[in-house]
1. Of the residues 35, 21, which single one is surrounded by 10 or more Cβ atoms within 10 Å (Cβ to Cβ), modelled with pLDDT under 75 and assigned to a helix (DSSP H, G or I)?
2. Being modelled with pLDDT under 75 and either assigned to a helix (DSSP H, G or I) or within 15 Å of the chain's Cα centre (by Cα) (or both), is that true of even one residue in segment 8-16?
């Protein structure tokens with residue numbers, strides 16, 4: 001029975017550690033839009049940074 005309590009305590013501490021970001025109010029993990037230096041964006045709704053970059057790229061004279 002002692003093994004059960006020790007195991008339960010270890011698992012509970014692991015979950016608490018994993019959830020510490022949520023408990024501290026940090027923003028959740030989010031995916032990238034376009035990846036690292038990828039010029040092709042296949043997102044249906046690009047992120048704000050990507051929209052700003054596209055706006056600048058389209059406004060620049062060529």
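The values are calculated or read from the model by the stated rules, or taken from the named source; none is laboratory data. Note that the structure is predicted; figures quoted are calculated from it, not measured. Virtual Cβ from ideal backbone geometry, glycine too; neighbours counted across all protein chains shown.
1. On the way: 35 fails: assigned to a helix (DSSP H, G or I).
Result of the check over 35, 21: 21.
2. The answer is no, given that none of the residues of segment 8-16 is modelled with pLDDT under 75 and either assigned to a helix (DSSP H, G or I) or within 15 Å of the chain's Cα centre (by Cα) (or both).
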